Amino acid sequence: MEFSGIMASRATSSSIFSFCWKPNSKFAYCDKFLAQKSRAPFFEAIKCIQAPHPDANPLKSSTRSLDCRFSCSAATLSPSSTTELVPLKLQRLIEEFESISEPIDRVKRLLWYAGLLPPLDDAARLDSNRVMGCTAQVWLEVRIDQEGNVRFAADSDSEISKGFCSCLVSVLDGALPEDVLRMKTDDLAALNVGLPGGERSRVNTWHNVLISMQKRTKALIAELEGQSPFEPFPSLVVTADGVHAKGSYAEAQARYLLPNDSTVKELVKVLKEKRIGIVAHFYMDPEVQGVLTAAQKEWPHIYISDSLVMADMAVKMAKAGCQFVTVLGVDFMSENVRAILDQAGFGEVGVYRMSDERISCSLADAAATPSYMNYLETASSKSPSLHVIYINTSLETKAYAHELVPTITCTSSNVMQTILQAFAQVPELNVWYGPDSYMGANIVELLQQMTKMTDEEIAKIHPKHNRDSIRSLLPRLHYYQEGTCIVHHLFGHEVVEKINEMYCDAFLTAHFEVPGEMFALAMEAKRRGMGIVGSTQNILDFIKQRVQEALERNVNDHLQFVLGTESGMITSIVAAVRNLLSSTKSTSGGATVNVEIVFPVSSDSVTKTSSSSSLGQQSVALGEINLPVVPGIASGEGCSLHGGCASCPYMKMNSLSSLMKVCQDLPDNKSAISAYEAKRFKLHTVTGKSVADIGCEPILHMRDFQAAKHLPEKLVHQIINRH
């Protein structure tokens, strides 16, 4: 019967539900539907609500009755009341655990529930049935029966996790699809099963199993209704033995992960001979990063990182004897490297960009507009005020801003701590953040979420704050609303909708600069241990941590990560993951861990498979999982404003050919590459001070803050005494 037909028949009947064990069925819970023609719109009386005795054997039955393991053993319901049943059972479960005062006794009750869950057959313990993100192995089967109800069966190799599964199955098995999809992870927050804080990863099983239940329910509904499923995003699957690309976009990324040896040797040779160091951003083109990653093994003065670390590493290279530093990034990065080297006393070290044209940045450009200066003029009229400026801005902007309003630089990894510390340290402070409007909105959202936390939870984030202080500072936090990163702007509604549909049970990573929808999705995943929101380095560290944890569990696993930032990150991710996988290959005892990195790409950016193709859609088999090879972007680009392949056109101006040209022309043919040199600022501010000196001051304030964990006295003095 078509799913719509099933639901139509359900709309005209009421049913008596009897929830009980069915020992001979893999789907452990059964329901009896005594269909009655009825138009009664109201909830009829619940006949009984009775929790089972902990010592009862749920598999025993008699001719008179069945010992039901559900809180509600029988109820007469009208169609409109079926939506009340799931919340009713969940509330009864919550009250059951709340009635047990001692934590150890609540854990015993959870283990008792585990004993009620019949084991899955070995044939059902497939990799394809695994629930991602659980500390233990958890398997889940989902089907829709002839009555249109969703049926669940689950199992785990952990008794604690099995208890979680048993509770969820008891609440949702036999429910209508819309009731399964209506439940939120927040609805499970009140379920206190007595586990200590260190077992938080176990508690996340509640959420991850629920998310998997809902994802598979949606897929079954779509299949029954004949809907065309979403095409998967392109991805790379990393194993201990190599990298497998799914889709031509992924193939474009993978092509340069293993670069040509002669190219690597040529680069290393010239770097050694001429004492040249390289600092490169994570967002470099895969061809460039592939060569640099390989060359690092032969020449230590190559470093790939986020923008914060690039200047620091340049100073270290200068101290180690490098005579030149090449910067692979956008112009504000080379400006910062030049200025910081000068500040550190290495003015003789040459700094070179990778283009004779301007290498721009949409955020840096947004902060160099009259609109941003007007924003700062408003800030300067309110005292006391602090301007927190994102590091992705030019030195000139930082200088002019600091002249108007005391300014400190921040990064996506330290912005929250910078703002919280500033409010704690300076009474009645106004904070003005810019120029990234998405990050500004996300900061406000995070602070609003903190107002719902306990004081103890807030103190763990910042010891000087509580709910009252967070509420009081929100009206004094301002952010610029006209600046965006063109890369992270691409993570729009279409991408979020597809992630929510197909990848809601995967690990989600998102840069702090993404739009609000993507941010909210990643934050929800973060709350259940399945996501990260932060800087590029935060994203890399999160992926490495989750892979390491999977290796330590020493069981077969397939980890899936959605890469919510610029696709150039893939080279560093693959290198780090392969290093972890290969290091444990000989000692893993046969366990296989595969890591899939998913590239969110708009459908407008994806080429379609030819309908006349005789091959059809291919797939890659990894263990028991078939991973479809999807059509991808014909080249490495193809971004769409409907959702991103997240490839920065400015970063891609840093080509391998430009790097080789600069290195080969140094030092004897500098005139041929004069346009590539990062120039020193000769400009002065309106007060006659050097742009280079004043522009460096906000960066140095940030470095002092990172070292001491409080705003430097010089900056506090500037804030308080600014007229």
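Here are a few things to note about the model shown:
- Probe 1.4 Å - accessible area at R125, Å² to nearest ten: 80 Å²
- Hypothetical label at K265: residues of the stretch 285-315 whose amide nitrogen lies under 18 Å (7 Å Cα-Cβ projection): 291-299
- With DNA, RNA and ligands ignored, accessible area of K464 (1.4 Å probe; Å², nearest 10): 150 Å²
- At R0 = 51 Å, FRET efficiency that the Cβ-Cβ distance of D105 and N500 yields, to 0.05: 0.85
- The gain in end-to-end length when the H710 to I94 segment is fully stretched comes to 217.5 nm, 0.36 nm per residue minus the alpha carbon separation.
- Carbon and sulfur %, accessible surface of the stretch 86-225 computed with the full protein complex present, 1.4 Å: 50 percent
- Shown is the FRET efficiency for N374 and T451, computed with R0 = 25 Å from the Cβ-Cβ distance and rounded to the nearest 0.05: 0.25.
- For the stretch 86-225, the number of Lys pairs separated by eight or more positions or lying on different chains, with C-alpha atoms closer than 23 Å, is 10.
- The stretch 86-225: relative contact order in percent, alpha carbon pairs under 8 Å with at least 6 residues between: 30 percent
- Here the spin labels are modelled as points 7 Å beyond Cα on the Cα-Cβ line, and at D241 and H684 they lie 6.9 nm apart.
- Cα-projected label distance for K274 with E223, points at 7 Å along beta-carbon direction, nm: 5.9 nm
- When the surface is traced with a 1.4 Å probe over the full set of protein chains, Y650 keeps roughly 60 Å² accessible.
- Using the Cβ-Cβ distance between K297 and E348 with R0 set to 25 Å, the FRET efficiency from 1/(1 + (r/R0)^6) comes to roughly 0.30.
- Solvent-accessible surface ranking, highest first, for W112, W432 at 1.4 angstrom: W112, W432
The values are calculated or read from the model by the stated rules, or taken from the named source; none is laboratory data. Here the structure is a predicted model, which means the values were calculated and not measured. All Cβ positions, glycine included, derive from the backbone under ideal geometry; neighbour counts span all protein chains shown. When the accessible area is computed, the model is the full protein with side chains, heavy atoms only, and any ligands, DNA or RNA have been set aside. Shrake-Rupley method; radii C 1.70, N 1.55, O 1.52, S 1.80 Å.
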